[in-house]
1. For segment 248-268, check the following and say yes or no: at least one residue is surrounded by fewer than 17 Cβ atoms within 10 Å (Cβ to Cβ), at pLDDT 95 or above and either assigned to a helix (DSSP H, G or I) or touching a Phe, Trp or Tyr at 6+ places or on another chain (Cβ under 7 Å) (or both).
2. Could you list, ordered by first residue, the pairs with Cβ atoms under 9 Å in which the first is in segment 240-254 and at positive phi and touching a residue at least 12 places away in the same chain (Cβ under 8 Å) and the second is assigned to a loop (DSSP other than H, G, I, E, B) and of a type in the set (Lys, Arg), at least 6 apart or interchain?
3. Quick one: which residue in Val20, Val6 is in contact (Cβ under 8 Å) with a residue 60 or more places away in the chain, in contact with a strand residue (DSSP E or B) (Cβ under 9 Å, 6 or more places away or on another chain), of a type outside the set (Phe, Trp, Tyr) and assigned to a helix (DSSP H, G or I)?
4. Would you check which residues across segment 61-90 are at pLDDT 95 or above, in a loop (DSSP other than H, G, I, E, B) and of a type in the set (Gly, Ala, Ser) and list them?
5. Restricting attention to segment 281-320, which residues are in a loop (DSSP other than H, G, I, E, B), touching a residue at least 12 places away in the same chain (Cβ under 8 Å) and not small (Gly, Ala, Ser)?
6. Please verify whether Gly343 is surrounded by 16 or more Cβ atoms within 10 Å (Cβ to Cβ) and assigned to a strand (DSSP E or B), treating the condition exactly as stated.
7. Please go through segment 49-59 and give me each residue that is part of a strand (DSSP E or B) and either modelled with pLDDT of 90 or more or out of contact with any helix residue (DSSP H, G or I) (no Cβ under 8 Å at 6 or more places or on another chain) (or both), ordered by number.
8. Would you mention how many residues in segment 10-48 are charged (D, E, K, R) and at pLDDT 90 or above?
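The values are calculated or read from the model by the stated rules, or taken from the named source; none is laboratory data. Predicted model, so just to flag it, every value in this text is computed and none were measured. Please note: Cβ atoms are built from the backbone with ideal geometry, for glycine as well, and neighbour counts cover all protein chains shown.
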Amino acid sequence: MPSTVVIGAQWGDEGKGKVVDLLGGNADIVVRFNGGNNAGHTVVVKGQKYKFHLMPSGIIQGKKCYIGAGVALDPRVLKQEIIQLGGKFEVKLSIDPRTQIIMPWHNQLDKAKEVAKGDAKIGTTGRGIGPCYADRATRTGIRFEELVNSEKLGKKIDLIYPQKKRLLKEIYGQEMAMSKEEIFKEYNALGTEFAKHLEDVSIVVSKNMNEGKNVLFEGAQGTFLDNDFGTYPYVTSSHPTAGAIFTGVGIGVRPIERIVGIVKAYTTRVGEGPFPTELEDDLGEQIRQKGAEFGTTTGRPRRVGWFDAVLVKTAHRLNGFTEITLTKLDVLSGLEKAKVCTGYECEGKTIDFVPSSLDDLKKCKPIYTELPGFEIKEGTTSYDELSKEAKDYVAFIEKELGIPAKIVSVGPGREETIVR
């Protein structure tokens, strides 16, 4: 059976949760390899909506789920997600001992740093992801293996707490929101509760792959939030690209047979940064409302724009997609016309890639191809039921990208999915 990785091809919020839920039915295990609870996946099953930030979406399909070392884990959030399940689904979950733990000082520092930037703010979610990964890089982080060990946790908090308290006070003028004793009490209890989930994910996933099992890797966020190849500095602190599964899980480099790029039928992004095809008019607001374009994690309104083929072609180069899943096609239903950006005009030159320089990207103007609008009937379940204009829109995107759209989503529910 092939291993599959699901990757966001834009700025996140493409509908990965629904696709992981769909593909998870045929998977043996589902693995999360990057990001933290700054990501949000929504799964709708029989009208019931489930929102996840850390728990792999495969949990709804009854699959064994794994959180790899590349994830920044807030145990408070994970506990709430387990409570959300209400006992309806068995929680078969393992967490790698190397996984970094988000501590209360990470949340406080994240927000304090964003305020201090003023007009240069990035638009962070304030969930502590960046400071947590920063501590990993400076080798001062707390890992899951220490969270579940009371003695090790106490020693780490004793060491780190005074440093963070001083940093908050002297640089940002803030007092630490919680005492050292309060933090230890809360996190020691969480460690005791989650100790049963400790397992070396690297070993288990490698074993499954060597045995030819169907492993589904669940990516968080989107390609252009990648810490290196995204619209830096308006990016996240991890790598949401396909190559990150090898270091985020701890497996040897090997072929991944199926790399699915999740692509919204238009484009959205949350936070600051350049957005060449952005619609800042009534049409943009219309699409935002119809598509419920508000962040799963923060509730912030998402910025909305036309489909950007240049963006997705660049994502294809970075990830090597074998196919795409086109989501939210139904949101464009009823529009008189639909536009697709097929190139950028940048200082008199036409380019078909996202430039590495943020300053250059800000200068880029979209070159559009205008296509007829289309209608999608409620209850559509097969590709043949789509109108000619809707099929033409999908075909145009496939031709521009040079990648087949093997799945087309025409609604939020699991059943509102066309598999071609």
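1. no
2. Taking only residues 6 or more apart or on different chains, the pairs are Gly250/Arg98.
3. Details: Val6 fails: assigned to a helix (DSSP H, G or I).
Matching residue, one of Val20, Val6: Val20.
4. Hits for segment 61-90 are Gly68, Ala69, Gly70.
5. Glu293, Thr296, Thr297, Thr298, Arg300, Arg302, Trp306
6. Values: surrounded by 16 or more Cβ atoms within 10 Å (Cβ to Cβ): yes; assigned to a strand (DSSP E or B): yes.
It is true that Gly343 is surrounded by 16 or more Cβ atoms within 10 Å (Cβ to Cβ) and assigned to a strand (DSSP E or B).
7. So the first thing to find is which residues in segment 49-59 are part of a strand (DSSP E or B), and the list is 49-52.
Hit for segment 49-59 is Lys49, nothing else.
8. Going through segment 10-48 one residue at a time, the tally reaches 3.
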